[in-house]
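Since the structure comes first, as structure tokens, the remarks are kept for the end.
None of the figures in this text is laboratory data; all of them are computed from the coordinates on show. Fair warning: this is a prediction, and the values are worked out from it, not measured in the lab. Note: ideal-geometry Cβ built from the backbone for every residue, glycine included; neighbour counts use all protein chains shown.
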């Protein structure tokens, strides 16, 4: 993977993401043994590879089999000789089967021409909009006003947010503000803080609409979040502040 630039990932709907980390030295050793010694160098200059569908399916099936076996096997935790043997057996399976398959798949993709793909142009506008919203949470600026601040057209901003986040800029702004309010309530002293003051700090001035939107998003009233003891307060998910562009067609 390229060490400079950015890598963006978009998944549709609910997905489980598995990350496979391979030691570069082990990868290079297997690649060299299979006659693909230059593959690792090419991978370091690319942030994506066009994998052939048939090779992708073989690799996917093998990974699914490994995941299924790991769920049936005892957890790889603990200590003692049995734990060491399980780790060694798994490592041997990866070294003997998965790693050569992965090398062959990536080597074929390298031969097809790895590229450092640039993100779509609209993503930069979306990032600037997100940054502006973070710096000015209390300003009730209209969509046209935000466009003027960013020197971007209304169409570009709306289409950019729809493409990369699946919602319009004003819907994202409301969502972002609600997350900011939640973070503030979780960190606040219930004896010295009012919900109205916190909401107003982030530009949410309509008490009725704010309470309804907060309850719909987090499943509880803002007063519960503020009043809950620190040990029993629910963990708040950090607001996503970067965007993942869909791959251009």
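Points to keep in mind about this one:
- Mean Cβ count within 10 Å, highest first, over the residues of peptides 196-203, 101-108: 101-108, 196-203
- Figure legend: label point modelled 7 angstrom from the Cα of residue 149 along Cα→Cβ; residues of segment 169-210 with amide N under 17 Å from it are 169-181, 200-205.
- Here the contact order of segment 122-232, divided by its residue count and restricted to Cα pairs under 8 Å and six or more residues apart, works out to 26 percent.
- Length released on extending from residue 159 to residue 134, taking residue separation times 0.36 nm less the Cα-Cα span: 7.0 nm
- Extension gain, residue 62 to residue 16, is 14.9 nm, computed as 0.36 nm per intervening residue step minus the present C-alpha separation.
- Computed FRET value (nearest 0.05) for residue 170 with residue 216, which takes r as the C-beta separation and R₀ as 25 Å: 0.90
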